[in-house]
1. Answer yes or no: is there a residue in region 77-85 that is farther than 18 Å from residue 198 by Cβ and loosely packed, with under 14 Cβ neighbours inside 10 Å.
2. Which of the helices (runs of 4 or more DSSP H) found entirely inside region 62-138 contain at least 2 residues meeting this: farther than 20 Å from residue 185 by Cβ and touching a residue at least 60 places away in the same chain (Cβ under 8 Å)?
3. Would it be correct to say that residue 194 is touching a residue at least 60 places away in the same chain (Cβ under 8 Å), farther than 17 Å from residue 52 by Cβ and part of a helix (DSSP H, G or I)?
4. Among (1) farther than 30 Å from residue 12 by Cβ; (2) out of contact with any helix residue (DSSP H, G or I) (no Cβ under 6 Å at 6 or more places or on another chain), where does residue 64 come up short?
């Protein structure tokens, strides 16, 4: 039943997911679903857990930075695959089940084994978590598809007072000329974050 609810949310969005509509899609009465879940909140928690179970977790015994990077990229890709899940996670409306607990413990364990103090692990975990979820939410919430963006950017550029905004014009021009419309931004920011965490870890260990 949860797998059917997940597929429904992927196909029609979270706002369309009601017990009645889900029951119709599954070919059962809506009330029959309450044999499996207590309420809609319980249903949402279950399908969020299914989403997070798709994430590749950091592996013990491997280099901490590469494992955190791999896990963050996997989380980002999974959230883009299930766009409705971002809003639930960011607003606290889901993500307190076993898969989320395993993910959190794997990240925390990777940092601790990688030489981070308890305090540094605390800060690093939350910054990394917020970064991944926030960029994913911004990405899935952007109203335009890539093929529509060039025309919108060119229109905006034609209306922008170029003499008053030379660096903005330069920046927008780079987007158009290079064809880079957001690709690589997540990885760029992720690497900056992980490099910064490494420097802070080393400084903390050296007492500087």
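Any read-out appearing in this document is the output of simple, stated calculations on the displayed coordinates, not a laboratory observation. Note that the structure is predicted; figures quoted are calculated from it, not measured. Neighbour counts are summed over all protein chains in view; Cβ atoms, including those assigned to glycine, are modelled from backbone coordinates with ideal geometry.
1. Among the residues of region 77-85, at least one is farther than 18 Å from residue 198 by Cβ and loosely packed, with under 14 Cβ neighbours inside 10 Å, which makes the answer yes.
2. 84-91
3. When the stated conditions are applied, residue 194 passes them.
4. (2)
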